[in-house]
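The block underneath contains the structure these notes are about, expressed in structure tokens.
The values are calculated or read from the model by the stated rules, or taken from the named source; none is laboratory data. The model shown is predicted, which means the values in this text are computed figures rather than measured ones. Cβ placement follows ideal geometry from the backbone for every residue including glycine, while neighbour counts extend to all protein chains displayed. What goes into the accessible areas is simple: the full protein's heavy atoms, side chains included, and nothing from ligands, DNA or RNA. Shrake-Rupley method; radii C 1.70, N 1.55, O 1.52, S 1.80 Å.
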Amino acid sequence: MRTEVSTAAAFVTRLLRAAGGVGEEQLRCFRECLQEAMREHYKHHWFPLVPSKGSGYRCIRINHKMDPLIGKAAGMIGLSHERLFQLLPSELTLWVDPFEVSYRIGEDGSICVLYESPQPGAKAAKQLESRTSCKEEWRTGRSSPSKSYNMMTVSG
């Protein structure tokens, strides 16, 4: 769980850093507080043998409401929910599961993988083709797709 939580917290921290206006010491504290809140929240909801079990519980979500884990960590550094809504995408979903951390910006955005590790005893996961574009997407996409930019979608 340590790697997945660290990856997710680092991602949200990078989004805050990219938005500007938050000092490095505040960002460090935010990341540590978010990691601790996530570890505490997930400790009885982490199932490496069945990674999808509890996925909804572990999902971090911003969609007209601030995710309570992000809100708690932000409160520790003096950031209000109103300020968070200015700094973070208006629609963000972050899935933190055993062996994988992924996110989506906007309701119609691509699902992008931040961290992926093969499950013990499973075949190695295949490389995702869209990683470069997903990295660019989070750098440029700060609002929902309907507001100001075109969102890449993936069809299967």
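Of all residues in the range 65-74, those that are surrounded by 15 or more Cβ atoms within 10 Å (Cβ to Cβ) and without any contact (Cβ under 8 Å) to a residue 40 or more places away in the chain total 5. When every residue of the range 107-128 is checked against the conditions, none turns out to be closer than 26 Å to K72 by Cα, modelled with pLDDT of 80 or more and part of a helix (DSSP H, G or I). The set of residues from the range 101-115 being farther than 10 Å from F11 by Cα, hydrophobic (A, V, I, L, M, F, W, C) and open to solvent by 30 Å² or more (accessible area, probe 1.4 Å) comprises just one member, I111.
Apart from one condition, L69 fits all of (1) more than 28 Å from P118 (Cα to Cα); (2) in a helix (DSSP H, G or I); the exception is (1).
Take L92 and tell me if it is in contact with a Lys or Arg (Cβ under 8 Å, 6 or more places away or on another chain) and either modelled with pLDDT of 95 or more or small (G, A, S) (or both). In short, yes. None of L49, L79 is part of a loop (DSSP other than H, G, I, E, B), out of contact with any Pro (no Cβ under 8 Å at 6 or more places or on another chain) and open to solvent by 60 Å² or more (accessible area, probe 1.4 Å) except L49. Y103 meets each of the listed conditions (1) touching a His at 6+ places or on another chain (Cβ under 8 Å); (2) in contact (Cβ under 8 Å) with a residue 40 or more places away in the chain; (3) closer than 24 Å to M1 by Cβ; (4) not acidic (D, E) apart from (1).
For the range 4-27, the count of residues that are under 20 Å from Y115 (Cα atoms), open to solvent by 40 Å² or more (accessible area, probe 1.4 Å), in a loop (DSSP other than H, G, I, E, B) and touching a residue at least 12 places away in the same chain (Cβ under 8 Å) is zero.
For every residue, the table says whether it meets (1) open to solvent by 20 Å² or more (accessible area, probe 1.4 Å); (2) touching a strand residue (DSSP E or B) at 6+ places or on another chain (Cβ under 9 Å).
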{"site": "H44", "(1), (2)": "yes, no"}
{"site": "S55", "(1), (2)": "yes, yes"}
{"site": "C59", "(1), (2)": "yes, yes"}
{"site": "N63", "(1), (2)": "yes, yes"}
{"site": "L84", "(1), (2)": "no, yes"}
{"site": "P89", "(1), (2)": "no, yes"}
{"site": "L94", "(1), (2)": "no, yes"}
